[in-house]
Each structure stands twice: as structure tokens, then as C-alpha cells.
1. So what's the angle, to the nearest 10 degrees on a 0 to 90 scale, between helix 76-99 and the longest Cα principal axis of the chain?
2. Can you tell me the 0 to 90 degree angle between the C-alpha axis of helix 27-41 and the longest principal axis of the chain, rounded to 10?
3. Ignoring everything but the protein chains, give the 1.4 Å probe accessible area of THR49 in square angstrom, nearest 10.
4. With the dipole of the chain worked out from charges on the C-beta (+1 for Lys and Arg, -1 for Asp and Glu) around the Cα centre, which of ILE57, GLN89, VAL78 lies farthest toward the positive end?
5. Only four residue types carry charge here, +1 at the Cβ of Lys and Arg and -1 at the Cβ of Asp and Glu. Report the dipole size of the chain about the Cα centre in Debye, rounded to the nearest 20.
6. Let me check against my output: what whole-number percent is the relative contact order of the chain, with C-alpha pairs under 8 Å and at least 6 apart?
7. If I compute solvent accessible area with a 1.4 Å probe over the protein chains, what percent of it on the stretch 7-72 is carbon and sulfur?
8. Stretch ARG71-ALA93 to full length: gain in nm at 0.36 nm per residue minus the Cα-Cα span?
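The values are calculated or read from the model by the stated rules, or taken from the named source; none is laboratory data. Keep in mind the model is a prediction, meaning the values are calculated, not measured. With ideal geometry, Cβ positions are generated from the backbone for all residues, glycine too; neighbour counts draw on all protein chains shown. Ligands, DNA and RNA are stripped out before the accessible areas are found, and what is left, the full protein with its side chains, is counted by its heavy atoms. Shrake-Rupley method; radii C 1.70, N 1.55, O 1.52, S 1.80 Å.
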Amino acid sequence: MSLQRKISWTAALRDVRADRAVVAPGVVSARALIQGLARIRRTRLVTPTGAFDRAAIMAAAVEAAKAHQLRTGAAWGVAMSVGLTAAWQAARAARAAIAH
């Protein structure tokens, strides 16, 4: 066994890029849909005190899931996963906007 190790920087950087989180297909469009609906309907995903409105988040997630299912034909579980991910991202963005 040799005392030196050889590192392939190309392979190492490729592995680093592969470890990054991949955005699930449909999350970006679902988040845009949720943010648009919240703006049009004047729905608040966050209360004025900064707490999350879980009922509004779930309602928005269900609407986004239905739209995702119509667009892609995905199973309900997959569509709901996309909807919830997008709804929580939109809620966190709204909370950050309130804080600043």
C-alpha cells in the first residue's frame, strides 16, 4: 500500500455537484401558482404576527397538487408532495418578506 493517495479533482467535483439538492419537477411552477393565487385572492399564508397559517398553506397545497396532477398526470401522493413543498416555500418567502 502506498503512503500517498491520488485524488481526482474531476471526480470529486462531479460528486459534489451530484450531492446538491435537485428541485423536483413541477415545484417551481406550483410555487408560482401558489404565490399568484395568494396575491389574487389576498390569501395570507402567514399571519401578521409571523406565524404560519397552516390551514391556508394546506388549501394552497391542495390546489397546486390538483393543478400539478392535471398537467403531468402524476399520482396524488407525488402531486401533493410537490404542492406541499411549493406551499411551504411560498410561506417561508412570505414570512421573510414580512420580517424585512
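1. 80
2. Roughly 20 degrees, rounded to the nearest 10.
3. 130
4. GLN89
5. 180
6. In percent, rounded to a whole number, it is 30.
7. 60
8. Stretched out fully, the ARG71 to ALA93 stretch lengthens by 5.4 nm.
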